[in-house]
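Chemist: Structure provided below as structure tokens; questions to follow.
The values are calculated or read from the model by the stated rules, or taken from the named source; none is laboratory data. What you see is a predicted model, and the numbers here were worked out from it, not measured in a lab.
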Amino acid sequence: MEEEARPGYYKDEDGVWQKERRREEDRRRRTTPITYHDRRTMKRRKTDHDILERETKIQIEEALEDFAEEHGESE
């Protein structure tokens, strides 16, 4: 009789049981694991947010300058 599953092992393409090398639990023993991908995503989102905020400020300043020019006012 053939085994269907072994905890900690997998069958390769030749049908030989191999030890599972992937870790199921987080090595840092955190309650909410954060993976490298999650950290990279958070950093990218923060950078995108900072860039968008800076560009928005520049656009607002330009719009205010244009408005002042159209209405004959200067700073």
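Chemist: Across the stretch 1-58, what is the total count of residues that are among the hydroxyl-bearing types (S, T, Y) and modelled with pLDDT of 75 or more?
Modeler: The number of residues fulfilling the criteria is 4.
Chemist: Scan the stretch 43-75 for residues that are small (G, A, S) and assigned to a loop (DSSP other than H, G, I, E, B) and report the count.
Modeler: 2
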